[in-house]
Amino acid sequence: MSISFENKAQQILSEYQMFMNEYFEQAKMMAPMVIGPYIEILKAIDLGNYHFFHMIPRARVYVEVGIVLPNLNIFLNDRVLNQ
């Protein structure tokens, strides 16, 4: 009896989902101890909007790169920072 590729993929995905659920549960329990003193600061910072820039004076070039992760703060507040 052989296991099809689809069944094996579903099994691996299911195991991964169980692992991630356990990880998030452990992270929720540990969050108050690890980041407790910094919770208010983390809630106030917009963690979903990063900008990196670099100026090259000799070439007179200014390079800016932005990364936007919408709803990252909402996710973190609901899953990790909410006590």
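Quick note: the coordinates plus some simple rules give every number you see, no bench work behind them. Please read all numbers here as calculations on a predicted model, not as lab measurements. When we count neighbours, we look across all protein chains shown, and the Cβ atoms used for this are built from the backbone with ideal geometry, even at glycine.
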Open item on the list: Given the condition exposed (fewer than 10 other Cβ atoms within 10 Å of the Cβ) and more than 17 Å from the chain's Cα centre (by Cα), answer yes or no: does some residue in the stretch 6-13 qualify?
Closed with: yes
Task: Qualifying positions in the stretch 63-79 - in a strand (DSSP E or B) and surrounded by 12 or more Cβ atoms within 10 Å (Cβ to Cβ) - done: none
Open item on the list: Can you find a residue that is of a type in the set (Gly, Ala, Ser), in a helix (DSSP H, G or I), in contact (Cβ under 8 Å) with a residue 40 or more places away in the chain and out of contact with any Leu (no Cβ under 6 Å at 6 or more places or on another chain) anywhere in the stretch 20-36?
Closed with: yes
TODO: Take the stretch 38-62 and flag every residue that is more than 17 Å from VAL80 (Cα to Cα), surrounded by 10 or more Cβ atoms within 10 Å (Cβ to Cβ) and either of a type in the set (A, V, I, L, M, F, W, C) or free of Cβ contacts under 8 Å to residues at least 12 places away in the same chain (or both).
DONE: MET55, TYR62
